[in-house]
Amino acid sequence: MTADLTWFDNRFRNLIELVSRSDFSGQFQNIGRSDARGLEFRTRARVRQLLLQANYTYIDGHIEQSNQLSFPFRPGDPLLRRPRHSGDLTVTWIGRKWTARWSTRAVGRRADSDFSTYSVPLTSNPGYFVSDVAFTYEFARRVSAFIRLENVFDRNYQEVLGYLALGRSVVVGTRIRIGHRK
């Protein structure tokens, strides 16, 4: 079992953001100062054929200095599309010729903007959970086939406000590895 804990404290100057205007065009603006600080935790454990991995991130990011007077670029506003809480959990079963993987990703509520395309502007994007499952079978040392089912529960969510993520989907393919295996 391994675990990592990381603290970060970033301060940005002259952050460039695209600011929407009332005529639906955009203009790049300089956001004077912003900061993002937080904590990342990662752990991984393997017990025989079972591999467990988990990650968690806490982030607190805000605009410190800006000449903008409206959301989302005013001083004190949270950074866009940066959830305070996010994480994932992956469980993988590793057989001699095949693997099976289940993963679930959780993303918390975050500040976002529809940039006034609605009469009452939207200012936050709700959190979501999404799960995927995948199976891989290795036919030969460098040849394998896979099937992946994404968004298993067909969740409706938006990674970016205004853009609905794909519903349940299936990806099927083969992989041929050339060169050294790492």
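A short reminder: the numbers here are calculations on the coordinates, not readings from a lab. This is a predicted model, so every value here is computed, not measured. Here the Cβ positions follow ideal geometry from the backbone for every residue, glycine too, while neighbour counts run over all protein chains shown.
Worth pointing out:
- When each of THR2, THR57 is scored by the number of other beta-carbon atoms lying within 10 Å, the sequence from fewest to most is THR2, THR57.
- Between ARG142, ARG168, ARG81, the residue with the greatest mean-square fluctuation in the GNM of the chain (Cα pairs under 10 Å linked by springs) is ARG142.
- Translational diffusion of the chain, µm² s⁻¹ [Kirkwood Rh, Cα pairs; Stokes-Einstein; 10 °C; 1.306 mPa s]: 82 µm²/s
- For region 36-169: relative contact order, % (alpha-carbon pairs under 8 angstrom, 6 or more apart): 16 percent
- The convex hull defined by the C-alpha atoms of region 33-140 has an orientation-averaged projected area of 9.7 nm².
- Highest mobility in the GNM of the chain, judged by mean-square fluctuation with C-alpha springs under 10 Å and restricted to GLY61, GLY87, GLY76, is found for GLY76.
- Cβ-derived FRET efficiency at R0 45 Å, ARG177 paired with LEU18, nearest 0.05: 0.65
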